[in-house]
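The values are calculated or read from the model by the stated rules, or taken from the named source; none is laboratory data. Everything numeric in this text was worked out from a predicted model, so none of it was measured. With ideal geometry, Cβ positions are generated from the backbone for all residues, glycine too; neighbour counts draw on all protein chains shown.
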Amino acid sequence: MPDQTGETRTPEELEADVARQREQLAATVDDLAAKLDVKSQAQQKVAALKDSATTDTGAPRPEVLAAAGSLAAMAIVLLVWRLRRNH
């Protein structure tokens with residue numbers, strides 16, 4: 001059977017092309033399914049954030065502790081300032 005280029009291909013070549021296209025389609029479907037799996041993506045993001053916020057031993061990184069401390073201090077300062085301003 002002639003193809004688009006006018007060459008005649010054997011049934012084995014056609015079957016090999018069909019098999020290759022099926023594999024490509026399966027890979028594409030798997031990629032799309034992975035992109036649509038919101039729960040899995042969320043779990044991966046949580047794991048990545050956890051890895052970036054902790055050391056190899058599982059302890060929080062010093063810079064994360066410093067940032068959390070700074071935010072807590074700012075919240076306390078804002079609360080005290082608002083309370084004093086209202087009285």
Return the only residue of Lys45, Lys39, Lys50 being modelled with pLDDT under 90 and not hydroxyl-bearing (Ser, Thr, Tyr). Lys50
With the structure loaded, tell me whether Thr54 is surrounded by 10 or more Cβ atoms within 10 Å (Cβ to Cβ) and touching a strand residue (DSSP E or B) at 6+ places or on another chain (Cβ under 7 Å) or whether it fails that test. yes
The one condition in (1) outside any helix (DSSP H, G or I); (2) in contact with a helix residue (DSSP H, G or I) (Cβ under 8 Å, 6 or more places away or on another chain) that Asp56 fails to fulfil: (2)
Scanning region 3-17 for residues that are surrounded by 10 or more Cβ atoms within 10 Å (Cβ to Cβ) and either at pLDDT 95 or above or in a helix (DSSP H, G or I) (or both) gives Glu13, Leu14, Glu15, Ala16, Asp17
